[in-house]
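To keep things clear, I will list the structure first and then write my remarks on it.
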Amino acid sequence: VRAPLPTRPLDVRYDRDEETLHLDEGRISPVPPQAWDFEAAGVRVLEQWIATRTAEDEPGSLAAIRPAAWLQTWTSELLELITVLALLAEVEPQRAELETLHPVPAAELRAAGVLPVPEAARRPATVLDHHEEGPEGQFALV
């Protein structure tokens, strides 16, 4: 955070040359262009995240029940989100490459003994099936 964020930012803009996110007079930098441009379901994630916290909602609606000012925790969350989006953008080429791989046919998985999945693997793990006992007959967790 290069300049403190205001209590209720109204103007949000991104300076691609300086890699700076401006929230009124507040500034966060560096924000890589890939993080700013990152989209999910056709929506820029950072823009939507900020808009959700700064938009004026209809009085009396459930959406209007929220803090009146920007919270310090929101700043921390925003910094974490920028970091995650930047990291996701870095691995995007590898993700796209993985999409070009062909799935392994079920017949090959059966031949390798991977399928069918054993019944024991379909249930949650439990210590109740454990038959080793500790002193005085209680279960011993090893």
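The values are calculated or read from the model by the stated rules, or taken from the named source; none is laboratory data. What you see is a predicted model, and the numbers here were worked out from it, not measured in a lab. Note: ideal-geometry Cβ built from the backbone for every residue, glycine included; neighbour counts use all protein chains shown. For the accessible areas, the whole protein counts, side chains as well, though only heavy atoms, and no ligand, DNA or RNA atoms are used. Shrake-Rupley method; radii C 1.70, N 1.55, O 1.52, S 1.80 Å.
Some notes on this structure:
- Calculated FRET efficiency for the pair residue 3/residue 97, C-beta based, R₀ 25 Å, to 0.05: 0.05
- Per residue, the average separation of C-alpha pairs within less than 8 Å and at least 6 apart gives segment 1-123 a relative contact order of 19 percent.
- Accessible area expressed per residue, the chain, with surrounding protein chains retained (probe 1.4 Å, Å²): 74 Å²
- Seen from residue 3, the other residues with C-beta closer than 12 Å to its C-beta sum to a net charge of 0, counting Lys and Arg as +1 and Asp and Glu as -1.
- A simple spin-label model places pseudo-atoms 7 Å from Cα toward Cβ; at residue 90 and residue 58 they are separated by 4.4 nm.
- The accessible surface of segment 2-100, taken with every protein chain in place and a 1.4 Å probe, is 55 percent carbon and sulfur.
- Most fluctuating residue given options 41, 51, 112, as computed from a GNM of the chain linking Cα atoms under 10 Å: 112
- Net length gained if the chain between residue 17 and residue 66 were fully extended (0.36 nm per residue, minus Cα distance): 14.2 nm
- Listed peptides 25-32, 69-76 by packing density, highest first (mean Cβ within 10 Å): 25-32, 69-76
- Extension gain, residue 43 to residue 125, is 25.6 nm, computed as 0.36 nm per intervening residue step minus the present C-alpha separation.
- Every helix of 4 or more DSSP H residues in the chain counts as -39500 (n - 2.57), and over all residues that averages to -11000 deg cm²/dmol at 222 nm.
- Per-residue packing, averaged as other Cβ atoms within 10 Å, sorts the ranges 12-22, 95-105 into the order 12-22, 95-105, beginning with the highest.
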